[in-house]
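Written below as C-alpha cells is the structure these notes are about.
Derivation of every value follows stated rules applied to the coordinates shown; laboratory data play no part. Fair warning: this is a prediction, and the values are worked out from it, not measured in the lab. Glycine also receives a Cβ, built like all others from the backbone with ideal geometry; neighbour counts cover every protein chain displayed.
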Amino acid sequence: MATTKKKTAEKKLNTYRGGPDDRGHFGLYGGRFVAETLMPLILDLERAYNEAKADPEFHAAMAYLHKHYSGRPSPLYHAERLTNELGGAKIYFKRDELNHTGSHKINNCLGQILLARRMGKTRIIAETGAGQHGVAVATVCAKFDMPCEIYMGATDVERQAPNVARMKLLGAKLNPVTSGAMTLKDAMNEALRDWVTNVRDTYYIIGTAAGPHPYPAMVRDFQSIIGNEVREQMMEAEGRLPDTLVACIGGGSNAIGLFHPFLDDEGVKIYGVEAGGHGIDVPNGHAASMTGGSPGVLHGNRTYLLQNEDGQILEGHSISAGLDYPGVGPEHSWLKDSGRVTYVPATDKEALAALQLCTRMEGIIPALEPAHALAWVTKLAPTLPKDNLLVMNLCGRGDKDLFTVAKHLGLKI
Amino acid sequence: MTHSTRIDKTFASLKAKGRSALVTFITAGDPDLETSKKILDGLPAAGADVIELGMPFSDPMADGPAIQASSLRALNAGQCMKKTLAMVAEFRKRNPDTPIVLMGYYNPIYVYPAGKFLDDAVKAGVDGLIVVDVPPEADDELCLPARDRGLNFIRLATPTTDDKRLPAVLTNTSGFLYYVSITGITGAAAPEVNSVHSQIARIKKATKLPVAVGFGVKTPEQVGALAKGADGVVVGSALVTAIKESLDADGRATGKTVPAVLDLVKCLSAPLRTV
C-alpha cells in the first residue's frame, strides 16, 4: 500500500494539470485574497461550480450554445502564405476570432451565465478593458434576459468607442470608471466594489483567468475548449499533436485555454507572449507582468504584478487595451516558475507590424492582442524546421482596433 | 494570546467606565507626512480611544471614494510603508497608551516582506493589524505570524457572515472584532441602527471579544446610537473628508487642516464622553 501511495504522490508532481489545490493555489500563486463580505459568496460559487462540473445537463447546455450560438468548433486554419514567407514551421491559426462577438471571450461568458442562473442570481456585473469581454457579457445577458452593468475605465471608453456602442445597443448599463488611471485595473476595482455592495443578488463574470479561486480554474476550464478542439483538429489534419503553441497574454484566458490540454504532452513547446509596450526596459512602459514584474497580491490572487518597491501597483502600458493589465492569471505565474511555459514580450511596434503582415498575407485582420502572439511567431517560426507544427491562437478580430491602428499608421478614416 | 495588549487594556478600562470606544481612521501621510503626524498626535486628546492608521495602497478595493482619494493624496505626497512605520515609532515615544492598529491591504506588506514588516511593526509600537484582503483561509500567511509576535489581528465580520461562517472569522481574531455595518464599501450608506444592534447581539453570543462597528458612520448622533449596542464605533471617511475639505486649491494642507479633523473628532466623541 505504501508503494502505491508513493507512486500516486510522484504522479501528482509529474503533472502540470493537477492545479489548483483545494485552497485555490497553483504552487505559490492563486488563493482567495478578498474582503470578508465576499468570502461566503466565493465559497458558494466554488460549491456551485463543482456541482455544475459534475452535471451532464450543464455540459449539454454549453455544448448546444457553443455549436448553435457561437459557432464552434472554430476552424484550425493552415496559414500557407505566412508559412512560406517565414520559411520555417508550418503555421496554423486557431480561428477563435470567428466566434460570435469576435473573440474567445464568449466561451467563458456562456459558461458563467449558465452558472449564475443555476445559482439563482438576478443581476450580472463585469469589468472590461478593450471591451471584448464587456460585449460578450452584454451579449449573453441579452440572450438570457438578465440586467447587466459593465465597468470600463474612462480612458478605455474613449479609445474603444465601437465596443462601447455595441454594449449599449445590447442593453448593458455602462459605468465609466474615473478612479486611478481609468483603465482595466480600475474597472476591476470598481466591479469588486459593486459586488461587495450587492453581494446577495449579483453574479460577477470575471473575464480573465485571474481573481480569487475558483475563477482562475473555472475560466480556464471554460476556455479549454480551444485547446481540446486543437488536439482533435490537428490529429485530423496531420495525424499527430502540434509541436509548438503560441498565444498572447494579458490576464491570460485565451492562452491558458489553448495551453492547458497540452501541458502534460512533453514534446509540445509552449510560448506565452506578453505586451512589451515601448520596451521592457522602459519604466512603466510595458504590461509584461511576468517578464518585467514580481510576485504580489491583487484582485483576489497572488501572481506576478507590475509594481514598485513599496508594493504600489503600476499602470503599465500597451497599445492593446486588452493586454493593458498589471497582473496575470496565477496559473501562468506558476507555469513560468516551473519552466513549463516560456513567456516572452512583444512590443507595440512589433505587434503593429505583425498585424499588417497577417492582413496582407492571409486576408485576416487580427486584433492587436493576438498580433502580439504573431509578432513572436514571425521571430520563432524561421528558426524551426518545416515539419514543426505551430499553432497560434488568433483569439480576436481586429475591427475594434481599426481606429488605433489607423492612428499609428497615419491612415485617415 | 496570554498577555494583555494595549488594545485589550483600552477596551477593558473603557468597559469599567461604562462607555464605548471611539475608533478613528486616518490614512498615514494624508495630505502630507508632516500634517498627518500633527493630526495623529492630536487624536487622543481630541477623543480617539483607538487609532486606525491606514497604510495607503494604490488599489483600495474595499474603500469608497473618500478613502480612495485619501490614499492617493498620501501616495502622491511620497508616503510609503517605511514612513508609515516611522510615523508610529515617533508617536509611540510621546504616547505610550493609545493603541494603534495599522489598516490596509496585503500587497504592500507582502512585498516588504511580511516577516520583516511584522518585526518592524512590533518595534515601532504597533498594536494590531487589519488587513482587508487576507481572509481566515490564509491565516498561516499573516495572522498567525502576527499573533506569535504579540500583535492583535483584527478581523472584519459583515452582514454576510452568517452563523456558519462566524466561527471561521472568530478563530484567530484578537483585540476586537470589527463589525462592518453594511454590505458595501467604506463611507457608503448609513447603517440601520436597529439591525446593527441585533447583528452585534448575535455576534456577542459567539465571542467575548469587544465588538466595534463601522462603515458609513458620519455624525455624533450615529456614534451615540450605535455605541448603545457596541463596544466601539469606528469613523473614517468623515475624517478624511474633513481633510479634503480643508485643503487649498492645489490640494495642499492649510492652517485649517489639523483643527478640522481634531474638532470633528471632539464632536464625534462627545456622545461617548457624556455617558
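Remark on B:MET103: its backbone amide H falls under 5 Å from those of B:LEU53, B:GLY54, B:MET55, B:ILE130, a criterion applied only to residues 5 or more positions apart or on other chains, H modelled at 1.01 Å from N.
Computed over chain A with a Gaussian network model linking Cα atoms closer than 10 Å, the most mobile of A:PHE144, A:PHE403, A:PHE33 is A:PHE144. As a proxy for reagent exposure, A:LEU306, A:LEU409, B:LEU262 were ordered by neighbouring Cβ count within 10 angstrom, fewest first; the result is A:LEU409, B:LEU262, A:LEU306. Loop-located GluC sites (Glu not before Pro) in the stretch A:274-319 (DSSP state not H, G, I, E or B) with no more than 13 neighbouring Cβ atoms inside 10 Å: A:GLU309. In summary, the convex hull built on the alpha carbon positions of chain B has an orientation-averaged projected area of 12.9 nm².
A compact globular protein would have a Cα radius of gyration near 2.2 N^0.38 Å; the ratio found for chain A is 0.92.
Each stretch of four or more DSSP H residues adds -39500 (n - 2.57); spread over every residue of chain A, this sum gives -13000 deg cm²/dmol at 222 nm.
Sorted fewest first by neighbouring Cβ atoms within 10 angstrom, A:TYR69, A:TYR215 come out as A:TYR69, A:TYR215. If you bin all the Cα-Cα distances of the stretch B:32-129 at 5 Å, starting from zero, the percentages per bin are 3, 12, 25, 26, 21, 12, 2.
Springs join every pair of Cα atoms under 10 Å in this Gaussian network model of chain A, and among A:GLY327, A:GLY267, A:GLY134 the largest mean-square fluctuation is at A:GLY267. Span-like helix check, chain A: qualifying full DSSP H segments, with Cα axial length of 15 Å or more and mean Kyte-Doolittle of 0.5 or more, are A:132-143, A:368-380. As a rough footprinting exposure proxy, the listed residues B:VAL134, A:VAL230 were ranked by other beta carbons within 10 Å of their own, and the order from fewest upward is A:VAL230, B:VAL134. By the Cβ distance rule (another cysteine Cβ under 4.7 Å), the unpaired cysteines of the protein assembly as shown are A:CYS109, A:CYS248, A:CYS358, A:CYS395, B:CYS80, B:CYS143, B:CYS267.
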